[in-house]
Amino acid sequence: MMTPDEIRKRVERLGPWFHCIDLGGGLSTKTQSAIGEPVEHPRPTWEKVKACLPEEFDGKSLLDVGCNAGFYAVELKRRGAGRVLGVDSQRNLVRQAIFVRDVLGLEIEYRRMSVYDLDPRELGQFDVTLALGLVYHCKHLVLALERLFAVTRELLVLETAIYPPERSPGSFTYEVGGLRPLLHPLAYVENPGEAKEAIYNWFLPGVEALTALLRNVGFDEVEVFPATQSDRAIFACRKREPYPDSRSISYLAASIQIEDGPARCRPEEVLTFRVRAENTGLARWLRGDDTGVQEGAVHLVAHVFAAGGEEPLFWYHAGAYLPGDIAPGESATVEIAMRAPAEPGRYRLEFDMVSEHLAWFEDLGSEVVRHELTVE
Ligand SMILES: C[S@@+](CC[C@H](N)C(=O)[O-])C[C@H]1O[C@@H](n2cnc3c(N)ncnc32)[C@H](O)[C@@H]1O
């Protein structure tokens, strides 16, 4: 238990403070503006953000990305949030947040971590994620949005400065690569070469651009507040399912192993391989049904090459269905049958996965598995 005097001294040592947080006993983290923000920041923003959040958290988990000194984490813990994790890329801000938490005696986890390193396999998913005043600091904007999508189970609330609406040309169609897609303005903020990512601004997206980006990374619904023009906006982004399905190709990855299969055979013999495929990505693999090849159904496929050859002799020589839908982290054992080549010789089989009509897993960065086969 710290005395008021000790608290005052630590507040001073940990400053400057961006978040004004009431520490009780008439003490607060700051009494003056650090970089031009209102002294009471972020209370005015909180008043707007909380309109997008459930009234009672009822044990829902919360992740605050770019949590700074933890104002929002504290408020939402007090609103009944269960697990609360705050992450920020700057060490001193994480120290501030831990100090505030300890003074207030709340159960909140903090980690120094970048938005780019958020991984649900390590952290789990969170019912609600906050990304407030964060995305204009992200040089890798789309990657940041993909990571926010992956760790969110239900709702992402994103608050940001936007492309000055009075300067924006608005969305328009334009010919690109033989198509006429809609283009949405997104401003690049020119920085000095030595710009520090955590504090410089990189992109100011227009409302339409950010809405399209959020939908493209996978959110099912994106609602924007306020409806009237302003230089900042809040995006409430909802997911119907915790993980997207295998039509979202950015989230596909597999690890494949051959468990059993012959190394030698006779010409045209029917061979069976038993292959284990682990879903190491962040999308649920759809099995599809047996009535045809549906877009986004995931199949195990074998290609045939001459040993040492680069060009396939038989592309998609054999394919196999999964036993059912496979969630991220799950594995399936698949039997794949194929006829051996008619000509004796040495061959190489390559096993890959495909999201039908959309992408080969190898092209998305997963490894194929190679198997030597001699036809005698
Ligand atoms: C403008 S402040 C907003 C703080 C707080 N979310 C709020 O709304 O008051 C931006 C915060 O994002 C953090 N930040 C910047 N880049 C980050 C990154 N790549 N990953 C995690 N946090 C980051 C900064 O350290 C800072 O705390």
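Every number in this text was worked out from the coordinates using simple rules, so none of it is lab data. The shown structure was predicted, so the numbers you read here are calculated from the model rather than taken from an experiment. Cβ sites come from the backbone with ideal geometry, for glycine too, and all protein chains shown count toward neighbours.
What the table shows:
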read-out	value
Beta bridge orientation in the chain: antiparallel %, DSSP, nearest 5	75 percent
Karplus (6.51, -1.76, 1.60) ³J(HN,Hα), θ = phi - 60°, over segment 359-369, in Hz, Gly and Pro reported as x	6, 7, 4, 4, 5, 8, x, 7, 8, 7, 10
Those GluC sites (Glu not before Pro) in segment 80-177 that DSSP places in a loop and that have at most 15 other beta carbons within 10 Å	GLU107, GLU166, GLU175
Among ALA359, ALA97, ALA340: highest mean-square fluctuation, GNM of the chain, C-alpha pairs under 10 Å	ALA340
Residue-wise HN-Hα coupling along segment 105-121, computed from phi with Karplus coefficients 6.51, -1.76, 1.60 (Hz; x: Gly, Pro)	x, 10, 8, 9, 9, 10, 9, 7, 7, 8, 3, 5, 9, 5, 9, x, 6
Computed [θ] at 222 nm, deg cm²/dmol, the chain (DSSP H ≥ 4; -39,500 (n - 2.57); rounded to nearest 500)	-5000 deg cm²/dmol
Cut-off under 5 Å, modelled amide H: who pairs with GLU269 long-range	ALA340
Interchain or long-range residues, amide H under 5 Å from HIS317's placed H	ALA302, HIS303, VAL304
Most fluctuating residue given options SER246, SER89, SER28, as computed from a GNM of the chain linking Cα atoms under 10 Å	SER28
q = 0.07 Å⁻¹, the chain: log10 I(q)/I(0) [Debye, one scatterer per Cα]	-0.44
Set LYS9/LYS48; LYS60/LYS139; LYS77/LYS239; LYS48/LYS77; LYS9/LYS77 screened for pairs whose C-alpha atoms are more than 29 Å apart	LYS9/LYS48; LYS60/LYS139
Neighbour net charge for ARG346 - beta-carbon separation under 13 angstrom, K R +1, D E -1	0
Among THR160, THR291, THR31, residue whose mean-square fluctuation peaks in a GNM of the chain (springs only between Cα atoms under 10 Å)	THR291
³J(HN,Hα), Karplus 6.51/-1.76/1.60, whole Hz, each residue of segment 32-38, x for Gly, Pro	9, 5, 8, 9, x, 6, x
Surrounding net charge for LEU106, when Lys and Arg each add one and Asp and Glu each subtract one, Cβ distance under 15 Å	-1
